[in-house]
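Undergrad: Take a look at this one; I'll ask things after.
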Amino acid sequence: MNNKVYSNNYYKQREIDSLNKIDEICKELPNYVKEFIVGKSDYTSPLTRLNYMFDLRIFFDFLSKKVIQNPTNHPLKSHINYEFKKGGRLYGK
């Protein structure tokens, strides 16, 4: 019985930690990423959404370093026609 209580507390705390980390990462990314994550909240766990955020942060970092800052020869150039700064990084609108 005591192990079940401990187990429930562990998962509850992991959920809280994941949600806090999601909020922290959302501050670094464009606003529409937060809308995307909120849209996933009904049918995904906080841990799944946190992993989405890690992947999206890597993707936007790639965009800001490789595509947006040097678009002249990049194959995605025709798809990227915007830029703005958020959290000290350059991202698409």
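The values are calculated or read from the model by the stated rules, or taken from the named source; none is laboratory data. If you're wondering where the values come from, they're calculated on a predicted model, not measured in any experiment. Cβ coordinates were reconstructed from backbone atoms using ideal geometry, including for glycine residues, and neighbour counts include every protein chain displayed. Just so you know, the surface numbers come from the protein's heavy atoms only, side chains and all, with ligands and any DNA or RNA stripped out. Shrake-Rupley method; radii C 1.70, N 1.55, O 1.52, S 1.80 Å.
Undergrad: Being outside any helix (DSSP H, G or I) and within 13 Å of ILE16 (Cα to Cα) is the filter here; which residues of region 41-57 pass it?
TA: Within region 41-57, just SER45 meets the criteria.
Undergrad: Cβ-Cβ below 6 Å, separation at least six or inter-chain, first residue in region 8-36 and more than 14 Å from THR48 (Cβ to Cβ) and of a type outside the set (Val, Ile, Thr), second open to solvent by less than 80 Å² (accessible area, probe 1.4 Å) and at pLDDT 90 or above: which pairs?
TA: Here the result reads LYS34/CYS26, each pair linking region 8-36 to a residue that is open to solvent by less than 80 Å² (accessible area, probe 1.4 Å) and at pLDDT 90 or above.
Undergrad: State all residues of region 54-93 that are modelled with pLDDT under 60, open to solvent by less than 90 Å² (accessible area, probe 1.4 Å) and in contact with a helix residue (DSSP H, G or I) (Cβ under 7 Å, 6 or more places away or on another chain); if no residue qualifies, say none.
TA: PRO71, HIS74, LEU76, ILE80, ARG89, LEU90, TYR91, GLY92 - these are the residues of region 54-93 that are modelled with pLDDT under 60, open to solvent by less than 90 Å² (accessible area, probe 1.4 Å) and in contact with a helix residue (DSSP H, G or I) (Cβ under 7 Å, 6 or more places away or on another chain).
Undergrad: Applying the selection to region 39-53, what residues are open to solvent by less than 90 Å² (accessible area, probe 1.4 Å) and either without any contact (Cβ under 8 Å) to a residue 12 or more places away in the chain or of a type outside the set (A, V, I, L, M, F, W, C) (or both)?
TA: Across region 39-53, the qualifying residues are GLY39, LYS40, SER41, THR44, SER45, PRO46, THR48, ARG49, ASN51, TYR52.
Undergrad: Also, I was wondering about something else. Part of a helix (DSSP H, G or I), in contact with a helix residue (DSSP H, G or I) (Cβ under 7 Å, 6 or more places away or on another chain) and among the acidic types (Asp, Glu) - does that describe any residue in region 13-36?
TA: There is at least one residue in region 13-36 that is part of a helix (DSSP H, G or I), in contact with a helix residue (DSSP H, G or I) (Cβ under 7 Å, 6 or more places away or on another chain) and among the acidic types (Asp, Glu).
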